[in-house]
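Colleague: Just dropping this structure here.
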Amino acid sequence: MATRPIVAIVGPTGSGKSDLAVQIALAVDGEIVNADALQFYRGMDIGTAKITPEERRGVPHHLLDVLDVTQEASVSTFQTWAREAIADIHARGRRAILVGGSGLYVRAALDVLEFPGTDPALRGRLEAEADRDGIETLRGRLRAVDPVSAARLGDARRIIRALEVHELTGRPFSSFMPVRQYAAPAVQIGLDLDRAALHERIAARVHRMADAGLAAEVSRLAAAGLREGKTASRALGYGQFLRVLDGECTPERAAEKTIVATRQFARRQLTWFRADPRVHWLDALSPDVVGQALAVVRSADAMSGR
C-alpha cells in the first residue's frame with residue numbers, strides 16, 4: 001500500500017521545530033526521526049537543546065543518542081539509518097516526521113543523493129600532506145581537478161574529503177552534489193521569523209543553557225573524550241565552553257561567543273533552506289502555526305492521492 005508523504009520540519013536553530021514536530025505527530029499518528037547531526041550524541045543534551053522525554057509527550061523519537069562523542073557523524077550512514085527508520089514507521093502504518101536544521105542531513109534523508117565511499121588510509125595520507133604542506137597547497141591540487149569544489153569549500157576537512165573522493169572515483173566531488181528530487185513522496189515545512197526575533201530567541205536559549213548547567217555538561221563530556229571527537233568537539237557551545245575548562249575564557253564570555261556563533265549558524269541555515277523552492281514557509285510565531293502546518297500536510301496528502 002502506498003504511504004503518505006514524509007513530513008519534514010526544517011528551519012533555523014531556535015525556531016521551535018521540535019515542539020511543532022511533536023504537535024504534528026500527535027495529530028497525525030506520527031513518529032519523529034531526528035535529522036540534527038549533534039543530537040545523535042549521547043550526553044550532548046543541554047547544549048543541543050535536545051528534546052526531553054517529558055517534552056516528547058509519548059511520541060516515539062528515532063536517531064537520538066546513537067553515537068558516543070568520540071565517534072564521527074557520517075551523512076552517508078545517517079542516510080541509511082533515516083531511510084530504515086522511515087520505512088519501519090510507514091510499515092507499521094504510522095507517519096514519519098523528519099525534523100532538524102542540518103541541511104545536508106535533511107537532503108540525505110529526502111532526496112536522490114549518492115555518497116561516494118571512503119578510504120581511511122587515503123584520508124590519513126591527505127591529512128598528513130595538509131599538515132606538512134599547508135591546506136592551500138591541497139586547495140591548488142583540488143582546483144586542478146574540481147574547480148567548483150575548490151571555489152566553494154572553505155575548511156580543510158572538506159577540501160581533504162573532495163580530494164579523497166576524486167582519487168577514489170575519478171569523478172569531481174561536485175558531481176555528487178544533491179539534486180532537488182525526492183527519493184520518496186515528501187513535504188517540507190519551514191519555520192521562519194524575523195531576524196530581531198530570532199536573535200532574541202537565540203540569546204535567551206543560550207543563557208538558559210548556561211543556567212541549566214552547560215559548563216558541567218561540557219566538563220563531563222570532556223572526561224569522556226569530547227576533545228577527540230571530530231564532529232562533537234566543534235558543536236556550538238561545546239567548543240566555547242571547553243575554553244572555560246582550560247581557563248582561557250569566563251563562562252559569561254563563552255556564552256556571548258556562543259550566541260554570536262549560533263546567530264551566524266542560523267543565518268547559514270536560512271540561506272540553505274530558502275534556496276529550496278519546495279519548502280512551505282510558516283511564521284514560527286503565528287498563534288495558529290500548528291493548524292497552518294497541518295493544512296500543508298493535508299494538502300500534500302490530497303495531491304499525492306493518499
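Read-outs throughout are calculated quantities, based only on the coordinates presented, and are distinct from any laboratory measurement. All figures in this text were calculated on a predicted structure; none of them were measured in a lab. Note: ideal-geometry Cβ built from the backbone for every residue, glycine included; neighbour counts use all protein chains shown.
Colleague: Using the Karplus curve 6.51 cos²θ - 1.76 cosθ + 1.60 with θ = phi - 60°, what ³J(HN,Hα) values do you get for each residue of the stretch 40-56, in whole Hz, with x for Gly and Pro?
Modeller: Using θ = phi - 60°, the values come out as 5, 8, 5, x, 8, 9, 5, x, 9, 6, 4, 5, 7, x, 5, 5, 6 Hz.
Colleague: Per Stokes-Einstein, at 4 °C and 1.567 mPa s, what whole-number D in µm² s⁻¹ belongs to the stretch 120-176, with the Kirkwood radius over Cα pairs as the hydrodynamic radius? Present the calculation step by step, with values, prior to reporting the outcome.
Modeller: Details: Rh = 10.9 Å.
Diffusion coefficient, whole number: 119 µm²/s.
Colleague: Now for a separate question. Output ³J(HN,Hα) for the stretch 278-293: one whole-Hz value per residue in order, computed from phi by the Karplus curve 6.51 cos²θ - 1.76 cosθ + 1.60 with θ = phi - 60°, and x for Gly and Pro.
Modeller: Couplings: 7, 6, 8, 8, 10, 6, 4, 9, 5, x, 10, 4, 5, x, 5, 5 Hz.
Colleague: A further question follows. Which whole-Hz couplings ³J(HN,Hα) result when phi for each residue of the stretch 65-75 is put into the Karplus expression 6.51 cos²θ - 1.76 cosθ + 1.60, θ = phi - 60°, listed in order with x for Gly and Pro?
Modeller: With coefficients 6.51, -1.76 and 1.60, one gets 6, 10, 10, 7, 5, 7, 8, 9, 5, 10, 5 Hz.
Colleague: Next question. Would you work out the charge dipole size for the chain about its Cα centre, treating the Cβ of every Lys and Arg as +1 and the Cβ of every Asp and Glu as -1, and quote it to the nearest 20 debye? Provide the component values of the computation, followed by the final result.
Modeller: On the way: 41 positive and 38 negative charges, 112 e Å.
The dipole of the chain has a size of about 540 debye.
Colleague: Hey, another quick one. If the cut-off is a Cα-Cα distance under 23 Å, which lysines reach Lys17, setting aside same-chain residues fewer than 8 apart in sequence?
Modeller: Qualifying lysines at Cα under 23 Å: Lys50.
Colleague: Could you tell me the ratio Rg/Rh of the chain? Both radii from Cα atoms, Rh via Kirkwood.
Modeller: Value, to two decimals: 0.97.
Colleague: To continue, here is another question. Starting from the Cα of Asp155, step 7 Å along the direction of its Cβ; do the same at Arg143; then give the gap between the two resulting points in nm.
Modeller: Output for this residue pair reads 2.3 nm.
Colleague: In the stretch 163-219, what is the volume of the convex hull around the alpha carbon atoms, normalised per residue and reported in Å³? Before the final figure, lay out the partial values.
Modeller: Details: hull volume 13.0 nm³, N = 57.
Here the figure is 228 Å³ per residue.
Colleague: Quick one: which residues, 5 or more positions from Val33 or on another chain, have an amide H under 5 Å from its amide H? H modelled 1.01 Å from N in the peptide plane, none for Pro or chain starts.
Modeller: Close amide H contacts, sequence-distant or interchain: His62, Ile97, Leu98, Val99.
Colleague: Sort all Cα-Cα distances of the stretch 186-294 into consecutive 10 angstrom bins from zero, then give the percent of pairs in each bin up to the one containing the longest distance.
Modeller: 13, 35, 28, 20, 4
Colleague: Return the whole-Å distance between the Cα centroid of the stretch 238-280 and the Cα centroid of the stretch 18-59.
Modeller: The stretch 238-280 and the stretch 18-59 have Cα centres spaced 20 Å from each other.
Colleague: Divide the volume of the convex hull of the Cα atoms of the stretch 102-214 by its number of residues and quote the answer in cubic angstrom per residue. Could the numbers behind the result be given before it?
Modeller: Numbers: hull volume 20.8 nm³, N = 113.
Spelled out: Cα convex hull of the stretch 102-214, divided by residues, is 184 Å³.
Colleague: With an 8 Å Cα cut-off and a minimum separation of 6 or more residues, compute the relative contact order for the chain in percent.
Modeller: Values: 443 pairs, mean separation 84.9, N = 306.
Taking the mean separation of contacting Cα pairs over the length of the chain, I get 28 percent.
Colleague: Quick one: check the C-alpha center-to-center distance for the stretch 183-237 versus the stretch 95-145, whole angstrom.
Modeller: 22 Å
Colleague: Now for a different question. For the stretch 36-182, compute the orientation-averaged projected area of the C-alpha convex hull (one quarter of its surface), in nm². Show your work: numbers first, answer last.
Modeller: Working: hull surface 41.9 nm².
The directionally averaged projection comes out at 10.5 nm².
Colleague: Oh, and also: To check you understand DSSP bridge types, tell me what percent of the beta bridges within the chain (both residues inside) are antiparallel, rounded to 5.
Modeller: Roughly 5 percent of the DSSP beta bridges within the chain come out antiparallel.
Colleague: Please list the non-local residues whose amide H lies under 5 Å from the amide H of Trp281, H modeled 1.01 Å from N, same-chain partners needing a gap of 5 or more.
Modeller: Gly190
Colleague: Counting only other residues whose beta carbon sits under 11 Å from that of Leu236, what net charge do I get with K and R as +1, D and E as -1? Write out the running numbers ahead of the final one.
Modeller: Numbers: positive: Arg205, Arg234, Lys257, Arg263; negative: none.
Its environment carries a net charge of +4.
Colleague: Here's a follow-up. Please report the net charge: other residues with Cβ closer than 11 Å to the Cβ of Val179, K and R +1, D and E -1. Please list the in-between numbers first.
Modeller: Details: positive: Arg107, Arg180; negative: Asp111, Glu114.
Summing Lys/Arg as +1 and Asp/Glu as -1 gives 0.
Colleague: Only loop residues by DSSP count here, and only those with at most 16 other Cβ atoms within 10 Å; note down the trypsin sites (Lys or Arg not before Pro) in the stretch 208-273 that meet that. Can you show the working numbers first?
Modeller: Numbers: sites: Arg208, Arg220, Arg227, Lys230, Arg234, Arg243, Arg253, Lys257, Arg263, Arg267, Arg268; in loops: Lys230.
Within the stretch 208-273, the qualifying trypsin sites (Lys or Arg not before Pro) (loop, at most 16 other Cβ atoms within 10 Å) are Lys230.
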